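Report on the structure given below.
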Amino acid sequence: MKNINFSQFIAENKSNLIMKKASRNQGKTPNLGFCIFKTGKAVNSKIKYERFLIMINNEIFNNESIDNKKKLIIDLYKKMFEIIKKTLTAGKAGENGMKTNNEGSFTPPSDKYEDVLKLMENFIKEINTSMDNKNIVSLGIDFNADNFYNSKDSTYDPEGVKKPIDNVQLADSYIKLINDHPLLSYLEQPMAYEDIDGWGTLLEKLKDKPNISVVQKADIYRKDPEPKIPPADINNNNDINKEKKEEVKVEEPKEKVETKTKKVNKKKKKNVEQAKPEETQNKTNENFKKEKPKINMFSYRLGEAKVISDLFNNILKLKEKNADFGAVIYENDIENNQAGIINLGMALNFDYIILNGVNMSDQKITKIKEL
């Protein structure tokens, strides 16, 4: 594939992408998501998490005709815009509450995480009520845990804690968050990229919650991290070699040999009893080396790919490794190419297409109509 930028690629391959979109999806469309609030360090927000999203479950529309499906999705989008506008302009900021950042999403009216979470839930409840109480929309959070991860001691400093916690405590906090907020359905980057043990812990705890999407940000220019083997393994091997050396002996008188043999057997028995916890640890480490956490969904940002072929190659590589591979694609911060993102996302069978913000511009409506 030629190394060209996204706009060139869409312009040159638009008809081909639209044909693939029609043939591959067979009536099934990707779920749409909308980044409502951008927070975190990038926009000088005190909130540690990065994005708050509204996710649309398009499967509810799959039994509708194509024309009716488009109409229902557009109607839903308009109601969502009206509800958000009514709430944001009713605050102290007035009409300024609808000002967007350079990504196209809104700045939250509060710097408190709990306030933003409550506001998002109010949006979602009102939208679902307007759609006859169908659970069409849900809540998504991009935690971007790398921003509050300390790689030196493998601890986290997320929202709502007084002191850093480990990955098991963080995983437990996400389970509590899901249980306390049943509208939450999408967790992006809940653990740091390099914390493989943390990903494994969280996915294990979420086994009985199949409706929760757990997404890792794809870094197409970085290799997958390998599990770190504790130094204890090396020390254990050295101890074994040391014991083997000690077993090499010069021939001695029979009486001395019998006495030493009794002592050695007694020592060996004692060492075997003490070694049991280490053996268990070694077995755990071996299993950990063999089985990495199975992360089934990755998110891509078009702006992070130097060339579009890099993104394609990364997706194909992951699909070869995992047949259940799922993907999320975000539009560029400034996306000028009309519905290109939709054609690309549908042609490649992305599970979610995330658009920045909600507004009634012709550009945004055109994108949604392409679904």
- Which residues' amide hydrogens lie under 5 Å from the amide hydrogen of GLU194, considering only partners 5 or more residues apart or on another chain, with H built in the peptide plane? none
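Sort 140-149, 197-206 for me by packing, meaning the mean count of neighbouring Cβ atoms within 10 Å per residue, highest on top.
The packing order, highest mean first, is 140-149, 197-206.
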- Item | Largest-first principal axis extents of the Cα set of the stretch 75-227 (Å) | 48, 35, 32
- Task: Apply the Karplus parameterisation 6.51 cos²θ - 1.76 cosθ + 1.60, with θ equal to phi minus 60°, to every residue of the stretch 79-86 and state each ³J(HN,Hα) to the nearest whole Hz, in sequence, with x for glycine and proline.
- Result: 5, 4, 4, 4, 5, 5, 4, 4
- Cα centroid separation, the stretch 301-324 to the stretch 143-170 (Å): 29
- Of LYS85/LYS118; LYS176/LYS205; LYS99/LYS369; LYS209/LYS319, which sit over 22 Å apart, Cα to Cα? LYS99/LYS369; LYS209/LYS319
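What are the trypsin sites (Lys or Arg not before Pro) within the stretch 77-120 that DSSP puts in a loop, where the Cβ has at most 15 other Cβ atoms within 10 Å? Let's see the in-between values first.
Values: sites: LYS78, LYS79, LYS85, LYS86, LYS92, LYS99, LYS112, LYS118; in loops: LYS92, LYS99, LYS112.
Of the trypsin sites (Lys or Arg not before Pro), the ones in loops of the stretch 77-120 whose Cβ has at most 15 other Cβ atoms within 10 Å are LYS92, LYS99, LYS112.
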- Query: Counting only Cα, what are the radius of gyration and maximum Cα-Cα distance Dmax of the stretch 50-94, in Å?
  - Reply: 14.1, 43
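A short reminder: the numbers here are calculations on the coordinates, not readings from a lab. In this text the structure is predicted, and so the values were computed from the model without any measurement. All Cβ positions, even for glycine, are placed from backbone atoms using ideal geometry, and neighbour counts span all protein chains on display.
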